[in-house]
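The values are calculated or read from the model by the stated rules, or taken from the named source; none is laboratory data. Treat the numbers as computed from the prediction; the structure is a model and nothing was measured. Using ideal geometry, Cβ is built from the backbone for each residue, glycine included, and neighbour counts are taken over all protein chains shown.
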Amino acid sequence: MILVPTITNIVNFSLTSCQFHPILKESVISPLLKKSTLDKDELFNYRPIFNVSVISNIIKLVVKSRDGTKGCPHSVALCERCG
C-alpha cells in the first residue's frame with residue numbers, strides 16, 4: 001500500500017504531461033521453449049516472452065479505460081485534454 005501514492009503520481013504525471021518515460025518502454029525478452037519435447041538447439045522452437053514494467057502496464061490500462069469512456073480521438077494519447 002505504500003507504493004500506491006507513488007504509482008498514482010507517476011500515472012497522473014504521464015497523463016497530464018503527455019509523456020511516457022523511456023525507461024517504461026524497455027522490456028526484458030526471455031526465450032521460452034514452446035514444448036519440452038522440442039529440440040532446445042533450434043531457435044524456432046522458442047517463443048519470446050516480454051517482461052515489461054508493472055507501472056507501464058498500469059499506465060496502459062488507465063489510458064485504455066479513459067479512451068473507452070471519454071471517446072478520445074487518439075487511441076494511445078496520454079493527454080488529459082483527450083480524456
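Data overview
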quantity	calculated
Filter result for Leu15 (touching a Ser or Thr at 6+ places or on another chain (Cβ under 7 Å), surrounded by 13 or more Cβ atoms within 10 Å (Cβ to Cβ) and in a helix (DSSP H, G or I))	no
Residues that are assigned to a loop (DSSP other than H, G, I, E, B), surrounded by 12 or more Cβ atoms within 10 Å (Cβ to Cβ) and not hydrophobic (A, V, I, L, M, F, W, C), drawn from region 20-42	His21
Members of region 1-22 found to be β-branched (Val, Ile, Thr), at pLDDT below 85 and out of contact with any Cys (no Cβ under 9 Å at 6 or more places or on another chain), listed by number	Ile2
Qualifying residues in region 43-83 (those that are loosely packed, with under 12 Cβ neighbours inside 10 Å, among the aliphatic types (A, V, I, L, M) and at pLDDT 80 or above) - the one farthest from Leu24 (Cα to Cα)	Leu43
Filter pass, Thr6 being under 25 Å from Val62 (Cβ atoms) and either among the hydroxyl-bearing types (Ser, Thr, Tyr) or part of a strand (DSSP E or B) (or both)	yes
